[in-house]
Structures are given as C-alpha cells and as structure tokens.
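FYI, it's all coordinate maths here, none of it is from the lab. For clarity, every value in this text was computed on a predicted model and none was experimentally measured. Neighbour counts are summed over all protein chains in view; Cβ atoms, including those assigned to glycine, are modelled from backbone coordinates with ideal geometry.
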Amino acid sequence: MSSMQRRLLVLGASGLTGYKLIQLATRRFEVYGTYNSRSITPYEDESLFKLDVKKEENLRKIFRDIKPDIVVNTIALHNVDYCEIHQEEAFSVNAKAVGIIANLCNNLGSRLIHISTDFVFDGQQGNYSELDAPNPLNVYGKSKLEGEVQAKSSASYSIVRPSVVYGWTPLEMQGLTSSSGKPMNFALWALLKMNKGEELKIVNDQFTSPTLADVLATIALKLAIRETNALYHAAGTVCISRYEFTKKIANMMGYLITSIKPIKSNFLTQTAKRPPNSCLNSEKLQKDLEYKLPDIDESLSIMKSQIEIESPNLIGHIGTPKN
C-alpha cells in the first residue's frame, strides 16, 4: 500500500511549523524533509536532507531525487531586524528561492503550499482579509510579499498567511538558533524567561493574532489535498497585544503575571519598523475548509499538554487557571 502514498516534501523541517508537519503528515504521506543549520536529532534518518535554499543546484537535486507530489515551503528568513540589514539575503531566501521552488513544482506537476506572513500589511487597520491590499513596512514583509508573487507562478498552489507562529518544539530547546540568529518562537521564549524567574518587558502597542504551529500544520495539510489555487489567512482567532498574549501564556503555564511589565514599542531598539496592528481575519479559511480554528485558550492548552509530557519542568506551580 505504501507505494501508493503521495510524497510530501517539507522544506524547513527543522523549523517549528516544519517539525509539526513532519509529525502530522507521516500517517498520510511518504514524508521527506530538509533542514539547514538546525539538525533534527530526533528524526535523523534517510528521509531528511540538508539544504541551503540559496543554492539552486541543491534544490534541483532534492526535487530530482524525491520527485514530490506535494511541497510545503516553511523556509523563511524571519528575523525581522536581520532582514532589514541583510536585504539581499532576505530576498534570496524569502522570494528568489520560492520562484525556483515554484518552477521545480511545475516541472514535476507538484502542488505547492507556501507559508507567508501577516507582515505583508502595514498594520494601520487590523482585521485584514485576503482582499485587503498589502503594504509592507520592512524588508522582511517586502521579501515575503515578493515570495507570494513567486509562489503564484506555480500551476497548483495555496498561500497561507499566519501571524506570530508559536508552539512547543524540543528542537528549539537544544539552544540552537536558526540561520539568522533567531533563538525560538515568542511563546517558548517568554515561558523560559518565566521559568528562570526573569522579568519580561513586553510591548503593549503591537497587535497580532498568534497562531499555534500545530494548527498551521493541520491547515497546510488540508490545503495540500485540495485542487484550488488560493490565498488564505490562517491565524489565531483573537487580536491581542504582545503584552496581553504573554499574560495569557503565564496564566496557562502556571506563572504569576507580576513579572510581566508593559512597554511601548519605541522603548525597544528595533531596526525594522513593525506594523502596529497586523491581526488577520481567517473567516474565509474556516468557511472553505469547514474547519473551526481553536481559540487562544484552547491553543495554549494544546501547547501546555505537550510540554507536560516532554518537558514538565517548564510548567509553573501557581494553581491552574480558572476556566
């Protein structure tokens, strides 16, 4: 039966979303993955390939060897300030490579699922739908928007825009940073700070719709087996400031919120401009896929249940949050 299984290639399997995809997809597909700087120790086997996406011949070889039916591209240079300084590298990874991937998909007749970002918007209005015009404020957003254009050159594609992807992954706990020096996703970073008893200064004037990586991976796989070409917003259902989100993480994970202090964005020295409100409206996705997105409390509780099993020492001991 396995010979009939479709081949799924996860580009960026050592990232958070890629890691979740590999876990979810193995039941339905013959799964292959690539990693760059972060090795994937729990999954080191013959179905994983090291890949520098900036080298076209490496990409070509992987497509030639695997001949995937479906490709999910989670690779991105998403350290926003790093992208601002390394513009050429940002466009190389976030845009140019996507064009090459789309072209390779066309050669093989593969379907492409491409992960984009809420940072294609300027954040002036919030609650963005797929019909709203992008207007990125920084190099990261501009390079990702160009990546969407490149993805659309694929004959069969879906583009997915999440917002602040977070979740539990043991890979990030190995203390390894990604290629652009980004240590880990926001929720995990905040949790580790709380666990060490450190004070957190978090902006209360940047609003997003935080997206659980497990949910994003589920959606990517649902879109993988559809035939329609589409752009979807696939984010959390709540529009929330970073500060309020951090307090929710504390409450869910058993920590006091007293160590979390609100600050304004201009207090931080950030190289790149951030959209003040890049919250996404994901109603179209829920309608088309007949899929109900979990709310923020459900999402955080999924993350918590995984940590309780794999790294229980990270959970605090201040009672359980009241429902």
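Data table
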{"read-out": "Phi to ³J(HN,Hα) by Karplus 6.51 cos²θ - 1.76 cosθ + 1.60 over the stretch 96-104, Hz, x for Gly, Pro", "value": "4, 4, 5, x, 5, 4, 4, 5, 5"}
{"read-out": "Kirkwood hydrodynamic radius over Cα pairs of the stretch 245-316, then Stokes diffusion coefficient at 10 °C and 1.306 mPa s, in µm²/s", "value": "103"}
{"read-out": "Long-range HN-HN contacts of residue 49 with modeled amide H, under 5 Å", "value": "33, 34, 35"}
{"read-out": "Long-range amide H partners of residue 232 with built H, under 5 Å", "value": "159, 160, 161"}
{"read-out": "Magnitude of the charge dipole, the stretch 183-241, Cβ model with Lys/Arg +1 and Asp/Glu -1, debye to 20", "value": "80"}
{"read-out": "Euclidean distance of C-alpha centroids, the stretch 185-211 and the stretch 214-291, integer Å", "value": "13"}
{"read-out": "Entries of 50/144; 55/273; 54/247 with Cα pairs more than 31 Å apart", "value": "54/247"}
{"read-out": "Top of 312, 136, 68 by mean-square fluctuation, Gaussian network on the chain, Cα under 10 Å", "value": "312"}
{"read-out": "Antiparallel DSSP beta bridges within the chain, as percent of all bridges there, nearest 5", "value": "5"}
{"read-out": "Gaussian network model of the chain, Cα within-10 Å springs - most flexible of 141, 197, 18", "value": "197"}
{"read-out": "Lys/Arg +1, Asp/Glu -1 at C-beta; the stretch 180-305 dipole; positive extreme among 305, 208, 184", "value": "184"}
{"read-out": "Sequence of 27, 274 once ranked by neighbouring C-beta atoms within 10 Å, starting from the fewest", "value": "27, 274"}
{"read-out": "For the stretch 203-246: relative contact order, % (alpha-carbon pairs under 8 angstrom, 6 or more apart)", "value": "69"}
{"read-out": "Isolated Cys in the chain, by beta carbon distance under 4.7 Å", "value": "83, 105"}
